[in-house]
Amino acid sequence: DQQVKQNSPSLSVQEGRISILNCDYTNSMFDYFLWYKKYPAEGPTFLISISSIKDKNEDGRFTVFLNKSAKHLSLHIVPSQPGDSAVYFCAASSDNTDKLIFGTGTRLQVFP
Amino acid sequence: DAMVIQNPRYQVTQFGKPVTLSCSQTLNHNVMYWYQQKSSQAPKLLFHYYDKDFNNEADTPDNFQSRRPNTSFCFLDIRSPGLGDAAMYLCATSRGRVATDTQYFGPGTRLTVL
């Protein structure tokens, strides 16, 4: 039972354009959401997070949007750069659990 | 740089032959996690230590054990590896257990079972 879903295994975007990575969740108790980025041969690294009391969080080129009614969040990267090419994992947590539930990841390729 | 180190990066073992994976950290974090990630799947938490307190996930097979002899080191023991245990094993650390305490991951150990 996959509580956090990333339905697009891969995404290809031209440099300078917007990348939009999507994530859906099923557990309405989730109240904190994170995005991790993973380069080959490295571990995932934290990118950005959002609490359920917000609907948007921005950090430089990265913005995460949360739509609680739709149980959907998205990561926007503007403008996309070749160095953004990586696998992006969405993760979720709730107050009554001490663990992160990860999605399966989306591989982003940014081409020149 | 403070970091999470995993050894070895690649481990090959035979079916049924015990294997131990190692994780060390220089972050002085209280919590250490072990995740299993199979190909094209999400990382799945196996267990974690909060200081010396061991917390096992309900669906983690008994074949998997862990030891944390001190703050810096944590080991994953697979007593009798099966073909289905072939995966990437990720170690992570965090200061505390709440979700807002960022988890820092090591590069992983890829386990192959022959």
*Debye sum, Cα scatterers, the protein assembly as shown, no solvent: what log₁₀ I/I(0) at q = 0.12 1/Å?*
-0.66
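Length gain on complete extension for the stretch A:HIS76 to A:ASN96, per 0.36 nm per residue less the alpha carbon to alpha carbon distance?
Values: separation 20, 0.36 × 20 = 7.20 nm, distance 2.86 nm.
So the extension gain works out to 4.3 nm.
Enumerate by residue number the chymotrypsin sites (Phe, Trp or Tyr not before Pro) in the stretch B:1-36 meeting two conditions: DSSP loop (anything except H, G, I, E, B), and at most 15 other Cβ atoms within 10 Å of the site's Cβ. Provide the component values of the computation, followed by the final result.
On the way: sites: B:TYR10, B:PHE15, B:TYR33, B:TRP34, B:TYR35; in loops: B:PHE15.
The qualifying sites are B:PHE15.
Estimate for me the total accessible surface buried between chains A and B (protein heavy atoms, probe 1.4 Å, no ligands or nucleic acids), in Å² to the nearest 100.
On the way: alone 6200 and 6380 Å², together 11100 Å².
Buried area between the two chains comes out at roughly 1500 Å².
Suppose every K and R has +1 on its Cβ and every D and E has -1 on its Cβ; what is the size of the dipole of the protein assembly as shown about the Cα centre, in Debye to the nearest 20? Let's see the in-between values first.
Working: 22 positive and 20 negative charges, 71 e Å.
About 340 debye.
What is the mean number of Cβ atoms from other protein chains located within 10 Å of the Cβ atom of each residue in peptide A:32-39, rounded to a whole number? Mind showing how you got there, number by number?
Numbers: counts 3, 1, 4, 0, 4, 0, 6, 1.
Shielding by partners across A:32-39 averages 2.
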*For chain A, modelled as a Gaussian network with Cα springs under 10 Å, which listed residue fluctuates most, A:LYS71, A:LYS37, A:LYS99?*
A:LYS99
*Compare A:ILE53, A:ILE77, A:ILE18 in a GNM of chain A, Cα atoms joined below 10 Å, and give the one with the largest fluctuation.*
A:ILE53
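Can you give the local net charge around A:GLN109? Use residues other than it whose beta-carbon is closer than 14 angstrom to its beta-carbon, Lys and Arg +1, Asp and Glu -1.
Working: positive: A:ARG17, A:LYS37, A:LYS38, A:ARG107; negative: A:GLU15, A:ASP84.
Neighbour charge sum, excluding A:GLN109 itself: +2.
Can you give the mean number of other chain Cβ atoms that lie within 10 Å of the Cβ atoms in peptide B:35-43? Present the calculation step by step, with values, prior to reporting the outcome.
Details: counts 5, 0, 6, 0, 0, 3, 5, 14, 12.
Across the residues of B:35-43, the mean count of other-chain Cβ atoms within 10 Å is 5.
Determine the shielding of peptide B:103-111 by partner chains: average, over its residues, the number of Cβ atoms on other chains within 10 angstrom of each Cβ.
Values: counts 9, 4, 7, 3, 7, 5, 0, 1, 0.
Averaged over the peptide's residues, the number is 4.
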*For the stretch A:36-85, compute Rh as the Kirkwood radius over C-alpha pairs and then the Stokes-Einstein diffusion coefficient at 20 °C and 1.002 mPa s; write the answer in µm²/s, rounded to an integer.*
178 µm²/s
*Hand me the tally of lysine pairs in chain A: alpha carbons under 22 angstrom apart, and the pair either on different chains or 8 or more positions apart.*
19
_Can you return the lysines within cross-link range of B:LYS17? Criterion is Cα-Cα under 25 Å, with same-chain partners fewer than 8 residues away left out._
B:LYS38, B:LYS44
_Can you tell me, using C-alpha contacts under 8 Å and at least 6 residues apart, the relative contact order of the stretch B:1-110 as a whole percent?_
37 percent
*Cα-projected label distance for B:ASP53 with B:ASN28, points at 7 Å along beta-carbon direction, nm*: 2.1 nm
*Per the 1.4 Å probe, what fraction of the accessible area of chain B, in percent, lies on carbon and sulfur atoms?*
48 percent
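The values are calculated or read from the model by the stated rules, or taken from the named source; none is laboratory data. Remember, predicted model here, so these are calculated numbers, not experimental data. Virtual Cβ from ideal backbone geometry, glycine too; neighbours counted across all protein chains shown. To get the accessible areas, we keep the full protein, side chains included, count just its heavy atoms, and leave off ligands, DNA and RNA. Shrake-Rupley method; radii C 1.70, N 1.55, O 1.52, S 1.80 Å.
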